[in-house]
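Just below is one structure, and these are the notes that go with it.
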Amino acid sequence: MDYEREVSSGGVVYRTLDERVEIVLASRRTRSGDLVWGLPKGHLDRDESPEEAAIREVREETGLIAEIRQPLGTISYSYSWEGRGISKVVHFFLMHAIGGDTAEHDHEMEEVLWFPLQEALDSAGYDSERDVIERAVEALS
């Protein structure tokens, strides 16, 4: 099977409340109908940088306005969609929430919630995204 290449971008968005750091996760349904918690991410628009896409995708999927603090690296994976093979690379950034409202998330997400660090690690539905959250925790330490 030939694979099409896709590039996406997203963020580990954090806030600090009473000296406790929290990370936002968004839930969506998988193709099989399961609910899974994950990081906000999405495709780069034409002529958009990974940083610009991360800021836009975080805003769309979580309702939050966030600033990039530092890159967290990439993850790569492959999957099949409608008979096509997709090879995907996702750029992630550590992002600080500076405004917005999680109630304003888009229709792709069922729910958007803030989680304490360990709970975010335990709740994230994908190993690769847990690895990115661990990188964020290290950067915040």
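The values are calculated or read from the model by the stated rules, or taken from the named source; none is laboratory data. All of these numbers come straight from a predicted model, not from anything done at the bench. Because the Cβ atoms are built from the backbone with ideal geometry, glycine has one as well, and the counts that use them run over all protein chains shown.
Apart from one condition, residue 16 fits all of (1) among the β-branched types (Val, Ile, Thr); (2) surrounded by fewer than 14 Cβ atoms within 10 Å (Cβ to Cβ); (3) touching a strand residue (DSSP E or B) at 6+ places or on another chain (Cβ under 7 Å); the exception is (3). In the set 32, 76, only one residue is out of contact with any Leu (no Cβ under 9 Å at 6 or more places or on another chain), part of a loop (DSSP other than H, G, I, E, B) and polar (S, T, N, Q); that residue is 32.
Residue-level check: of (1) of a type outside the set (Ser, Thr, Tyr); (2) closer than 18 Å to residue 113 by Cα; (3) within 11 Å of the chain's Cα centre (by Cα), residue 42 misses just (2).
Let's see how each residue does on (1) assigned to a strand (DSSP E or B); (2) surrounded by fewer than 15 Cβ atoms within 10 Å (Cβ to Cβ):
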position: 22; (1), (2): yes, no
position: 42; (1), (2): yes, no
position: 46; (1), (2): no, yes
position: 55; (1), (2): no, no
position: 58; (1), (2): no, no
position: 61; (1), (2): no, no
position: 69; (1), (2): yes, no
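Of all the numbered requirements in (1) modelled with pLDDT of 95 or more; (2) over 21 Å from residue 129 (Cβ atoms), residue 91 misses one, and that requirement is (2). Picking from residues in segment 71-83 that are surrounded by fewer than 10 Cβ atoms within 10 Å (Cβ to Cβ) and farther than 12 Å from residue 4 by Cα, the one that is farthest from the chain's Cα centre (by Cα) is 82.
For segment 105-129, a tally of residues being without any contact (Cβ under 8 Å) to a residue 60 or more places away in the chain, within 17 Å of residue 17 (Cα to Cα) and either in a loop (DSSP other than H, G, I, E, B) or not charged (D, E, K, R) (or both) returns 1. Taking only segment 120-141 into account, find how many residues are surrounded by 15 or more Cβ atoms within 10 Å (Cβ to Cβ) and among the charged types (D, E, K, R). Of the residues in that region, 5 qualify.
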